[in-house]
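Visitor: This is the structure, below, for whatever I ask next.
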Amino acid sequence: MKINRILKGFIPIIFIIAIILMIISFHSFDELYGDAKVINFAGMLRSGSQYIVNQELAQNHKDSYIGILNNIIDELKGESGIYRIRTIKSTDFQEALLVFEEDWDNLVKEIYKYRETGESGNIIKMSEKNFVLGNKLVLMAQETSELKMESLLSLRHTLVILSVMVLVIYIYSLYTYLSLNKNNKDLSKIAYIDPLTRLPNRARCDQVVKEYLKMDKLPNLACIFLDLNNLKEINDTLGHDQGDNLLREFGYILRDVSSEYGLIFRNGGDEFTGIFENISKESMEMYIDELNEKIDDFNNNNDLFNISFAYGTSYSDDEGINSINELMSLADKRMFENKREYKEKRILS
């Protein structure tokens, strides 16, 4: 139980950690998208210088493209612009960008000089150098993105592990709950079942009686009280083991016959009580006939002892019956009258 409480305490902690990691992972996805844009625009810077130089040598001026590349450089430095580039803020990348920008500015000056003089000078070599510097920017951006991807994969693995942990804890808690529930049901059965006869016991009978006591008016009920006639005699002559066997066999017969009629309880000792709903007096007589028939079959096949019982019945429509207690009291009274008659017959015989 203590372990189960500890595990349950871990669930909200793991859940909170998982939410935090999910938020971080969503942010990382957003940053990866931003890094992809950086890589794309850094690639434009890498190839842009050679493209412009080739166009200039072909007498195609590309001032608009030079402006585009200048805007890209500014946004990569952290300035706002039309491309909405989310720059990489690492010191190494920004330093490499400044080196690229300085070299780019020199190349642009050389291009404008070429336009005035017609002498190409070193612009081809300068564009090649600028390409190398631009390629460095691309590689640095890719490396940054790869590191974030690795971090994101680690987060994903952590989330998977946490999810498995939550699932395991949930399954364990569910298993524990079901086991406890089953144990409670088993204990409940044990608490309300007489271990010798396997019939519901006095505690269960009291529960049923309480339910009827809550009712303003009794439903159509019949009650039967039964009392074994010869338990003390068998205990005294054959021993208590055989007395237990008598109770056990009588309980088995009662369970068998009563199953189609209603509830039968062992009240303790040699006394038994039956409460049947929606049963007529004719059906109750059939019940008693079936009971006697089963007992006769047992007695004819048992040499150690015979089963004999006294009984009394009452019905909710009997005169003066207004409650379950009055119903049971009347059945109990009639049972004692039947038992007295049995004893008188034995004396006379």
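Visitor: Considering the Cα trace of the stretch 244-303, what is its radius of gyration and what is Dmax, both in angstroms?
Guide: When restricted to Cα atoms, the stretch 244-303 yields Rg and Dmax of 12.0, 38 Å.
Visitor: Is there a pair in K294/K345; K214/K333; K232/K345; K232/K281; K214/K294; K77/K136 whose C-alpha atoms are over 27 Å apart, and which pairs would that be?
Guide: Details: K294/K345 23 Å; K214/K333 24 Å; K232/K345 18 Å; K232/K281 31 Å; K214/K294 36 Å; K77/K136 16 Å.
Table pairs above 27 Å Cα-Cα are K232/K281; K214/K294.
Visitor: Å³ per residue of the Cα convex hull, for the stretch 306-345?
Guide: Taking the convex hull of the Cα positions in the stretch 306-345, it is 68 Å³ per residue.
Visitor: In the full protein assembly as shown, how much of R346 is accessible to a 1.4 Å probe, in Å² to the nearest 10?
Guide: 120 Å²
Visitor: Magnitude of the Cβ-charge dipole of the stretch 194-349, K/R +1 and D/E -1, about the Cα centre, nearest 20 debye?
Guide: On the way: 19 positive and 31 negative charges, 96 e Å.
The calculated dipole for the stretch 194-349 is roughly 460 debye.
Visitor: Considering only protein heavy atoms, what is the solvent-accessible area of E285 at a probe of 1.4 Å, reported in Å² to the nearest 10?
Guide: Roll a 1.4 Å probe over it and E285 shows about 120 Å².
The values are calculated or read from the model by the stated rules, or taken from the named source; none is laboratory data. Nothing here was measured: the structure is a model prediction, and the numbers come from that model. In this analysis, Cβ positions are derived from the backbone assuming ideal geometry, glycine residues included, and neighbour counts consider all displayed protein chains. These accessible areas exclude ligands, DNA and RNA; they are computed on the full protein's heavy atoms, side chains included. Shrake-Rupley method; radii C 1.70, N 1.55, O 1.52, S 1.80 Å.
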